[in-house]
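Input: a single structure, listed below in structure tokens.
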Amino acid sequence: MIRRALTRAVQQLGDPRLVKVLFLALAITALITGPFLAVFLVIAAILEWVLPSSVDLPWFGQVGFLGVFTVGLVSKTSWVFWTYVMSPVVVAIIGVLMERIVDAVEAKHYLNLPAVRHQTFGQMLAYGLRFLALMLGVSLAAFVISFFSGVLAPLVFIAANGYLIGREYFEVVALRRSPIEQAQGQTQDNIALLWLAGIFLAVFLAIPVVNLLVPIVGVATFTHLYHKIFSA
């Protein structure tokens, strides 16, 4: 079920309605994060230029472990920013715009549906801000953990974000056509399936550029899963 939903979501990426949402989300994200990224890169470039890659210590001689942290600092900073800042922001912004994505998916694959319970812009904005806070919290936790256990941090990042994406996206899609109690019940009844689908999507959040497509593919995927579960 997940594979079919993901495949159909990816196949629709060329839909002009989804492309329009993507460019709108990128424009908003660039306005919000662009200045911060520029500052981070300038600071990283200065530190990389000033700090040595190795030091000479008495009795120990030359120690080169410092290069692990200083060499390539700009590229490392860019990756950290894209993974732990850009991807949560894009996910949250897509959350505000997700009704457009669901409408495009349903117009293509699910005809003759009853009228939806459209939410106001204020409601979607509140949802997006709440989701952003949750995503940034998880990303910050994974980033801190990475300093103490490198192999565990990606697993925490993927598992936690997978749960958030699966639960939040599906529930918002369900709320368009189901009362809140029913939508929450459908989410809880299928949380294992939704978490697994969210994990598949969260894996790609750590890949710069690709992670910009994850929210759109995610919303489309959970739209397909909702209709599959609802019709079962």
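The values are calculated or read from the model by the stated rules, or taken from the named source; none is laboratory data. Every value quoted in this text rests on a predicted model; they were computed, and no experiment measured them. Every residue, glycine as well, gets a Cβ built from its backbone with ideal geometry; the counts of neighbours run over all protein chains shown. We work out accessible area using only protein heavy atoms, side chains counted, and drop any ligands, DNA or RNA first. Shrake-Rupley method; radii C 1.70, N 1.55, O 1.52, S 1.80 Å.
At 1.4 Å probe radius, can you tell me the per residue accessible area of the chain in Å²?
53
Please tell me the relative contact order of segment 16-112 in percent, rounded to the nearest whole number, where contacts are Cα pairs under 8 Å and at least six residues apart. Let's see the in-between values first.
Details: 62 pairs, mean separation 36.6, N = 97.
It comes to 38 percent, rounded to a whole number.
For I43 and V209, what is the calculated FRET efficiency with R₀ set at 30 Å and r taken between the beta-carbons, to the nearest 0.05? Kindly include the intermediate steps, with their values, before the conclusion.
On the way: r = 23 Å, r/R0 = 0.76.
Rounded to the nearest 0.05, the efficiency is 0.85.
Which value in nm describes the separation of the simple spin-label points at D103 and L24, placed 7 Å from the Cα toward the beta carbon?
Distance between the two pseudo-spin positions: 0.8 nm.
Scan (i) 0.94; (ii) 1.18; (iii) 1.06 for the value of Cα Rg over 2.2 N^0.38 Å calculated from this model and give just the label.
It is the value labelled (ii).
Can you give the charge dipole size of the chain about its Cα centre, rounded to the nearest 20 debye, using +1 on the beta carbon of Lys and Arg and -1 on the beta carbon of Asp and Glu?
Numbers: 14 positive and 10 negative charges, 132 e Å.
Computed charge dipole of the chain: roughly 640 debye.
If you build a Gaussian network model of the chain, linking Cα atoms that sit under 10 Å apart, which residue out of P215, P154, P52 swings the most?
P52
Nearest 500 deg cm²/dmol is fine: what mean residue ellipticity at 222 nm does the chain get from its DSSP H runs of n ≥ 4 alone, each adding -39,500 (n - 2.57), divided by its residue count? Walk me through the numbers on the way to the answer.
On the way: 10 runs with 172 residues, N = 232.
It lands at -25000 deg cm²/dmol.
Around I2, under 13 Å between beta carbons, what's the net of Lys plus Arg minus Asp minus Glu among the other residues?
Neighbourhood net charge equals +4.
In whole percent, how big is the carbon plus sulfur part of the accessible area of the chain, probe 1.4 Å, protein atoms only?
Carbon and sulfur together cover 74 percent of it.
Suppose a student asked you for the relative contact order of the chain, using Cα pairs under 8 Å spaced at least 6 residues apart; what percent would you report? Working shown, then result.
On the way: 246 pairs, mean separation 62.9, N = 232.
Once divided by the residue count of the chain, the mean separation gives 27 percent.
Which residue fluctuates most in the GNM of the chain (Cα springs below 10 Å): A197, A45, A133?
A45
What number comes out for the charge environment of V21, summing +1 per Lys or Arg and -1 per Asp or Glu over other residues with Cβ under 15 Å away?
Numbers: positive: R17, K20, R100, K108; negative: D15, E99, D103, E106.
It works out to a net charge of 0.
For a test of the definition: using alpha carbon positions, the gyration tensor, and the 1.5 limit on a/c, classify segment 168-211 as rounded, prolate or oblate. Don't skip to the answer; put the middle values down first.
Details: a/c = 5.08, a/b = 2.12, b/c = 2.39.
Since a/c reaches 1.5 but b/c is at least a/b, the shape of segment 168-211 is classed as oblate.
Given 0.36 nm per residue, what is the gain on full extension from L152 to A133 after removing their alpha carbon distance, in nm? It would help to have the intermediate numbers written out before the result.
Working: separation 19, 0.36 × 19 = 6.84 nm, distance 2.20 nm.
Extending this stretch completely gives an extra 4.6 nm.
Could you calculate the FRET efficiency of W79 with Q123 from 1/(1 + (r/R0)^6), where r is the beta carbon distance between them and R0 is 25 Å, rounded to 0.05? Write out the running numbers ahead of the final one.
Values: r = 34 Å, r/R0 = 1.37.
E(calc), rounded to 0.05, equals 0.15.
What is the distance, in nm, between label points placed 7 Å from the Cα along the Cα-to-Cβ direction at D56 and at I32?
Taking the simple label geometry, D56 and I32 are separated by 5.0 nm.
Name the residues of segment 187-222 whose amide N is less than 15 Å from a point 7 angstrom out from the Cα of S231 along the C-beta direction?
Residues 221-222 fall inside that zone.
In whole angstrom, how long is each semi-axis of the equivalent ellipsoid of segment 190-232, when you take the square root of 5 times every eigenvalue of its Cα gyration tensor and sort them from largest down? It would help to have the intermediate numbers written out before the result.
Numbers: eigenvalues 98, 26, 4 Å².
That gives 22, 11, 4 Å for the three semi-axes.
Among the lysines, which fall within straight-line cross-link reach of K20, defined as a Cα-Cα distance under 18 Å, with same-chain neighbours fewer than 8 residues apart omitted?
Cross-link targets: K108.
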